[in-house]
1. Of the residues that sit in the range A:57-100 and are more than 8 Å from chain B (Cβ to nearest Cβ) and either of a type in the set (Phe, Trp, Tyr) or without any contact (Cβ under 8 Å) to a residue 24 or more places away in the chain (or both), which one is surrounded by the fewest Cβ atoms within 10 Å (Cβ to Cβ)?
2. Would you check if there is a residue in the range B:43-57 being in contact with a Gly (Cβ under 8 Å, 6 or more places away or on another chain) and farther than 14 Å from residue A:74 by Cβ?
3. Among the numbered criteria (1) closer than 20 Å to residue A:97 by Cα; (2) out of contact with any His (no Cβ under 9 Å at 6 or more places or on another chain), which single criterion is violated by residue B:120?
4. Return only the number of the condition from (1) in contact with a helix residue (DSSP H, G or I) (Cβ under 7 Å, 6 or more places away or on another chain); (2) modelled with pLDDT of 95 or more that residue A:48 does not satisfy.
5. Anything in the range A:109-135 that is at positive phi and more than 9 Å from every other protein chain (Cβ to nearest Cβ)? List them, or say none.
6. Can you name the number of the only condition in (1) at pLDDT 95 or above; (2) touching a Pro at 6+ places or on another chain (Cβ under 8 Å) that residue A:122 fails?
There are 2 protein chains.
Amino acid sequence: MPEMMDTPRPTPVNDPPRRALGRQLLVDLYGCDRGLLDDLAYVRQHLMAAAEHAGATIIDAHFHSFSPCGVTGTVSIQESHLSIHTWPEHLYAAVDIFTCGDAVDPWRAYETLKAAFAADKGSAVEIHRGRPDLQ
Amino acid sequence: MPEMMDTPRPTPVNDPPRRALGRQLLVDLYGCDRGLLDDLAYVRQHLMAAAEHAGATIIDAHFHSFSPCGVTGTVSIQESHLSIHTWPEHLYAAVDIFTCGDAVDPWRAYETLKAAFAADKGSAVEIHRGRPDLQ
């Protein structure tokens, strides 16, 4: 049935929309080690390590501690950014990993952070950002 | 039927989950002014203005230009962060507005940025981050 060969195939559900300009993982880490979440130097070290493990090129990084507890950090990368906000009192951290290009794998950053904070439970949702071709 | 008064009412769908630790707007701005998207000083000025209009307290802000075009910026706020990545060649910007607490309104930041970049089309999706009470 050669005629069938010209029928467009359906897009497989696991075929990522490569034309999106950016990929973003929204990461929730629950049941983390409380002390680690409140240790600015540790948070900095491991968010930067996560960026490197993803294959990203770091431009700069800025971290802040809050009273009574909690750390906020952002890492700018050539391929976009990573951010983290920790709530040690809830054993919780919210992480975003925003990348562009095919050379970076944000899921490697996720695995790095889930292990680094000894999370009992981690979840990540991948969002594809920017489809100007569809506007 | 006074017995009915003790029946728990269903949660209205428009009742935001106030117990979430953070609120995040994922903002896509399409059809923006190309020159403005590539003007680092302009992007910085208006992302910081957006944070202020939301009622946030700025801690620091860092912006970078890319070759051949594009700007990345992050603004750390007491209430979490804002970020922006621009693709002038696609007239597109991806913005995140991550806030915590009831004193900040991320939607005001969205309106500020949509106007600042003269976007033909803007969209924003609100995500609620962090529900340790449900884990």
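The values are calculated or read from the model by the stated rules, or taken from the named source; none is laboratory data. Keep in mind that this is a model prediction, so the values were computed, not measured. Note: ideal-geometry Cβ built from the backbone for every residue, glycine included; neighbour counts use all protein chains shown.
1. Per the stated criteria, the residue is A:67.
2. From the range B:43-57, those in contact with a Gly (Cβ under 8 Å, 6 or more places away or on another chain) are B:43-44, B:47; that's our starting set.
Those still in the list that are farther than 14 Å from residue A:74 by Cβ too: B:43-44.
Taking every residue of the range B:43-57 in turn, at least one turns out to be in contact with a Gly (Cβ under 8 Å, 6 or more places away or on another chain) and farther than 14 Å from residue A:74 by Cβ.
3. If we test residue B:120 against (1) closer than 20 Å to residue A:97 by Cα; (2) out of contact with any His (no Cβ under 9 Å at 6 or more places or on another chain), just (1) comes out false.
4. Condition not satisfied by residue A:48: (1).
5. At the first step, the residues of the range A:109-135 found to be at positive phi are A:118, A:130.
Correct list: A:118 only.
6. (2)
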